[in-house]
1. Please compute the contact order of segment 136-210 in relative form: average sequence separation of alpha-carbon pairs under 8 Å and at least six residues apart, divided by the residue count, as a percent.
2. Extension gain Asp43-Thr6, at 0.36 nm per residue separation less the Cα-Cα distance, in nm?
3. So how far, in whole Å, is the C-alpha centre of segment 167-207 from the one of segment 38-59?
4. What is the packing order of peptides 35-47, 90-102, 57-69, taking the mean over residues of other C-beta atoms within 10 Å and listing the highest first?
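Readers should treat all values here as calculations from the given coordinates under stated rules, not as data from a laboratory. Source: prediction; values computed, not measured. Heads up, the Cβs are rebuilt from the backbone with ideal geometry, glycines too, and the neighbour counts pull from every protein chain shown.
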Amino acid sequence: TGSGVTVDGVLIKDGQVDGKDVSAATDLGGLVHINTTTVASGDAGSSFDVQSVFSSTYTNYKVITNLYTTATSDTRCYMQFLYNTSTTATTTYSYSMIYQRLSQSGTQQEANQGTTGAYWGYVRPRYDVDNSNGGTNHTVAHILDPFGTTTYTSFSYLNLFTRSAASYSGWGYTGMGVLLDTGTSFDGLKFYAASGNIYGTVKVYGIRDS
């Protein structure tokens, strides 16, 4: 009817639920899924791009990855920003990382920091050999204002990589940093392997401002 209907205290009226437009994902609050990029194991390569996922629609973003490598020894997967869809940003990144290695006999912790024009951090993908033996890998990153041009793009991330059997059974990475560039709108991400080939899934979500 013209006055709508109330269900469990929520008003449904004129295409809106409790005053929010259900036809527009941006009005629903929280995380808004933007893109899922999946590279199958048969298409593994030295790198892959996640293009055109950052825009003026959202200021901040959450990225969740599950990455694998065809290598059978320790390798890194580096992360970069893209602009103009596919151009790699090589402006200076300033970053700090802590990575922990856990084994059955003890622990080790190391730190790394510095500046580079190559990447904003790295994670450790899961080896193929562990895919069916309990190994796991995931990264959760928060990226602040990559599309804006008035402040540095900043970021933080957590990564967990575990093996089913190895000299070290687990790795944990914590990283943060900034991209020292205020004049470029970054619209995507690149992932590339230090050695071997990589594949997997990257999911990008916009974080609604209000």
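1. 28 percent
2. Full extension from Asp43 to Thr6 adds 8.2 nm.
3. 10 Å
4. Going by the mean number of other Cβ atoms within 10 Å, highest first, we get 57-69, 90-102, 35-47.
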